[in-house]
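Reading through the structure tokens given below for one structure.
Here, each number is a calculation from the coordinates, and none is a lab measurement. The structure displayed is predicted, hence computed values, not measured ones. Cβ coordinates were reconstructed from backbone atoms using ideal geometry, including for glycine residues, and neighbour counts include every protein chain displayed.
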Amino acid sequence: MSKLIQAIRGMNDILPDETPKWQFVERQFRRLMAAYGYAEIRFPLVEKTELFKRSIGEVTDIVEKEMYTFTDRNGDSLSLRPEGTAACVRACLQHGLLHHPSRRLWYLGPMFRHERPQKGRYRQFYQLGVETFGFSGPDIDAEMIMMTVRLWKQLGIADSVTLELNSLGSTESRRIYRDILVTYLNQHREQLDADSLHRLQSNPLRILDSKNPEMQALIEAAPKLNAHLDEASREHFAKLCDLLDAAGITYQLNSRLVRGLDYYSRTVFEWVTDKLGAQGTVCAGGRLDALVEQLGGRATPAMGFAIGLERLVSLIDEAQLAVHDTAPQVYLLALGEMAETRAMELAEQCRDALPDLRLLLNAGGGSMKSQMKKADRSGARFALILAEDELARNEITIKDLRGDMQQQVVSQSDLTTFLKSE
């Protein structure tokens with residue numbers, strides 16, 4: 001016997017018992033996007049590697065260590081997308097979408113990073129992403145945060161997440177702060193771990209996000225970014241906080257929140273949880289005001305966020321919330337060849353009349369006893385029984401599998417009326 005082929009490590013199957021939770025999250029997200037007037041965009045899984053080097057940054061962990069990169073037959077360097085923002089901007093520029101003064105967009109799909117697989121972090125993972133272009137004020141920052149608040153309520157996890165907020169300032173003020181931080185860290189090089197020493201020249205702000213317990217005192221004593229913000233960024237952030245306060249949204253200011261990608265500026269935020277162990281970030285985002293110009297377009301203010309779908313699904317699991325039922329409502333049994341033919345006709349008639357009906361038609365024959373067992377295991381509320389007697393009288397028997405309704409017989413022409421009433 002041939003050896004079974006297994007899935008690639010870190011690229012997981014989502015099985016039928018799990019998919020209803022995913023569908024529930026996706027439905028709520030689509031509903032939210034429609035409510036706020038955002039339009040869906042879809043783009044390829046594979047992009048030119050240069051796109052991510054220019055947007056994310058060549059010296060970031062993603063580009064240096066985590067991307068799935070290969071050379072195709074034409075000699076071009078291509079990569080599986082590690083995140084959605086750069087691909088979204090590329091698509092907007094290529095198709096002239098940013099000629100419109102403003103855009104509100106969203107996407108959903110798999111991303112790929114070669115990391116050490118662990119719960120909530122896989123090599124193929126799914127993201128819900130939202131991007132806006134053409135809005136420079138803090139009102140769009142506030143709208144996006146309010147959208148996430150509404151999504152948590154729709155999913156029933158509002159009590160499981162906390163909002164953290166910070167401002168990175170302008171590109172220029174961050175450059176000035178970067179020099180101050182590097183000077184401070186160089187004075188304490190002996191306390192830096194290997195990862196921080198690597199980041200010291202390439203991406204020193206990421207050191208502030210280190211989880212190494214031996215470095216926490218050093219990080220806590222480091223110069224604070226918010227003490228070096230430019231005046232325009234201060235005003236922008238203060239207005240955002242005012243808008244969130246007016247909306248009754250609770251948040252925590254976190255001066256160590258820096259985000260790991262080069263294209264962020266001004267507002268950054270994360271929704272975090274203590275319900276998922278080490279993988280505490282559920283949603284992350286911020287302003288991307290330099291990114292469009294960085295990728296060859298005109299200077300365009302931008303704002304976005306992304307949500308890890310696996311972590312949302314895990315939060316729903318942890319909270320043991322009831323997800324919308326996807327079990328069949330009706331199981332149609334057929335005994336005998338003629339009954340099977342008629343049952344198939346009846347099933348299609350019912351689906352025509354009731355498009356939302358979840359009807360499972362028995363397949364493969366079997367005795368009454370075996371078919372009733374299948375009906376019970378399916379989770380259906382009603383079993384519809386079509387045998388020779390019912391066929392001769394143009395009737396169908398209805399048995400309540402979950403409640404106390406008495407078994408009854410109705411004419412086949414009245415079946416859809418019965419099902420509609422129930």
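A few comments on the model shown:
- Cα long-axis angle, helix 19-36 against the chain (0 to 90 degrees, to the nearest 10): 60
- Here the 3J(HN,Hα) profile of region 337-349, calculated from phi with Karplus coefficients 6.51, -1.76 and 1.60 at θ = phi - 60°, is 4, 5, 5, 5, 5, 5, 4, 5, 5, 4, 4, 5, 4 Hz, Gly and Pro shown as x.
- In range of the label at ARG116: residues from region 182-210 whose backbone nitrogen is under 19 Å from the point 7 Å along Cα→Cβ: 193-199, 207, 209-210
- Rounded, prolate or oblate (a/c below 1.5 giving rounded, otherwise prolate when a/b exceeds b/c) for region 1-116 by Cα gyration tensor: oblate
- Legend: residue pairs LYS224/LYS275; LYS119/LYS275; LYS153/LYS275; LYS21/LYS275, Cα-Cα distance threshold 19 Å; pairs beyond threshold, LYS224/LYS275.
- Once the mean of 1/r is taken over each pair of separate Cα atoms and inverted, region 65-224 shows a Kirkwood hydrodynamic radius of 19.5 Å.
- The H on the amide N of VAL282, modeled in the peptide plane, is under 5 Å from the matching H of TRP271, VAL272, THR273, each at least 5 residues off or on a different chain.
- Normalised by the number of residues in region 41-127, the mean separation of alpha-carbon contacts (under 8 Å, six or more apart) gives a relative contact order of 30 percent.
- When only Cα pairs below 8 angstrom with a gap of at least 6 residues are kept, region 101-181 shows a relative contact order of 23 percent.
- Exposure proxy ranking for ASP242, ASP141, based on other Cβ atoms within 10 angstrom of each Cβ and starting from the fewest, stands as ASP242, ASP141.
- Region 316-422: trypsin sites (Lys or Arg not before Pro) in DSSP coil with no more than 13 other Cβ atoms inside 10 Å: ARG402
- For region 217-243, the residues whose amide N sits under 17 Å from a probe point set 7 Å from the Cα of ASN186 along the beta carbon direction are 223.
- Computed lengthening from THR341 to LYS211, 0.36 nm per intervening residue step minus Cα-Cα distance: 40.3 nm
- Scalar couplings 3J(HN,Hα) for region 62-76, obtained by applying the Karplus form with A = 6.51, B = -1.76, C = 1.60 to θ = phi - 60°, are 4, 6, 6, 10, 10, 6, 8, 10, 8, 9, 7, 5, 8, x, 7 Hz; x denotes Gly and Pro.
- Cross-link reach is defined here as a Cα-Cα straight distance under 24 Å, omitting same-chain residues fewer than 8 places apart; for LYS373 the lysines meeting it are LYS399.
- Going by neighbour counts of Cβ atoms within 10 Å, the residues HIS198, HIS236 line up, fewest first, as HIS198, HIS236.
- Sparsely packed loop sites in region 158-254 (the trypsin sites (Lys or Arg not before Pro) outside DSSP H, G, I, E and B with at most 10 other Cβ atoms within 10 Å) comprise LYS211.
- Rounded is the label for region 330-421, because the ratio a/c of its alpha-carbon gyration tensor axes (a ≥ b ≥ c) stays below 1.5.
- Rounded to two decimals, the Cα-based Rg/Rh of region 225-285, with Kirkwood Rh, is 0.99.
- Applying the Karplus relation 6.51 cos²θ - 1.76 cosθ + 1.60 with θ = phi - 60° to region 167-173 yields 3J(HN,Hα) values of 10, 8, x, 7, 4, 5, 5 Hz, where x marks Gly and Pro.
- The relative contact order of region 330-421, computed from alpha carbon pairs under 8 Å that lie at least 6 residues apart in sequence, is 30 percent.
- By the rule of a C-alpha distance below 13 Å, with chain neighbours fewer than 8 residues away ignored, the aspartates and glutamates paired with LYS211 are ASP193, ASP195, GLU220.
- Residues of region 398-412 with amide N under 20 Å of the 7 Å Cα→Cβ point at ASP352: 411-412
- Rounded to the nearest 500, the helix-only mean residue ellipticity at 222 nm of the chain stands at -11000 deg cm²/dmol, with each DSSP H run of n ≥ 4 adding -39,500 (n - 2.57).
- Euclidean distance between Cα centres, region 391-411 to region 162-212, Å: 71
- When the trypsin sites (Lys or Arg not before Pro) in region 94-170 are filtered for DSSP coil states and for at most 13 other beta-carbon atoms within 10 Å of their beta-carbon, the remaining sites are LYS119.
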